[in-house]
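For reference, the structure is listed below as structure tokens.
The values are calculated or read from the model by the stated rules, or taken from the named source; none is laboratory data. Source: prediction; values computed, not measured. Using ideal geometry, Cβ is built from the backbone for each residue, glycine included, and neighbour counts are taken over all protein chains shown.
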Amino acid sequence: MMLFLSLSVFAQDNKEKKKEKAHEKHEMMKGHGEQTLKVDNDTHAMVYADKMTTRLNLTAEQKKQVKKAQFKRLDEQKELKEEYKTSMTEKTDDVAGENSEMQEKKMKIQADFKEEMKDILNEVQFSRWEVMHERDMKMKARKKASMDKEKNSKL
């Protein structure tokens, strides 16, 4: 009986430590109130690779490849964002066309990333990653919609 209690306390302690570590990583990635914490692409890619290693049981080589793929995706997204900012400061007649073009480029970046992940992961890992990725994208879209709604209500 005593052994059982000590094992359950030990297991619970490990769960708490894992939760704390995950929360620390999450705090590092998210903003604090009005001030958004800026995280460089290398750090973001490293945290993403760590998260995928834990969730998908990646090998060391897969982890390195995932980090590289995520870094590439983040870099491409950053370039696209800069391109968008530049185009918005210039006078253009076809704003809708430019937005559509940017959206297509964004979708291509996502599709390329998905293909890279498919090449890196085995079938089981990829199917699990796809579910997680879709869930993350939906959460991100909901968060953006909520922020847009809040922003528009202040105007």
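Filter the stretch 114-155 down to the residues that are farther than 16 Å from T59 by Cβ and polar (S, T, N, Q), then identify the one that is modelled with the highest pLDDT. Once the filter is applied, the top-ranked residue is S127. Close contacts from the stretch 101-116, counting a first residue that is crowded, with 16+ Cβ neighbours inside 10 Å and a second that is among the aromatic types (F, W, Y) and assigned to a helix (DSSP H, G or I), with Cβ to Cβ under 6 Å and a gap of 6+ residues or different chains, come to M102/Y84.
Yes/no per residue for (1) over 15 Å from the mean Cα position of the chain (by Cα); (2) charged (D, E, K, R):
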position	(1), (2)
Y48	no, no
M52	no, no
F71	no, no
K105	yes, yes
A111	no, no
E134	no, yes
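If you go through the stretch 69-93 and keep only what is among the basic types (K, R) and farther than 22 Å from S127 by Cβ, you end up with K72, K78, K81, K85, K91.
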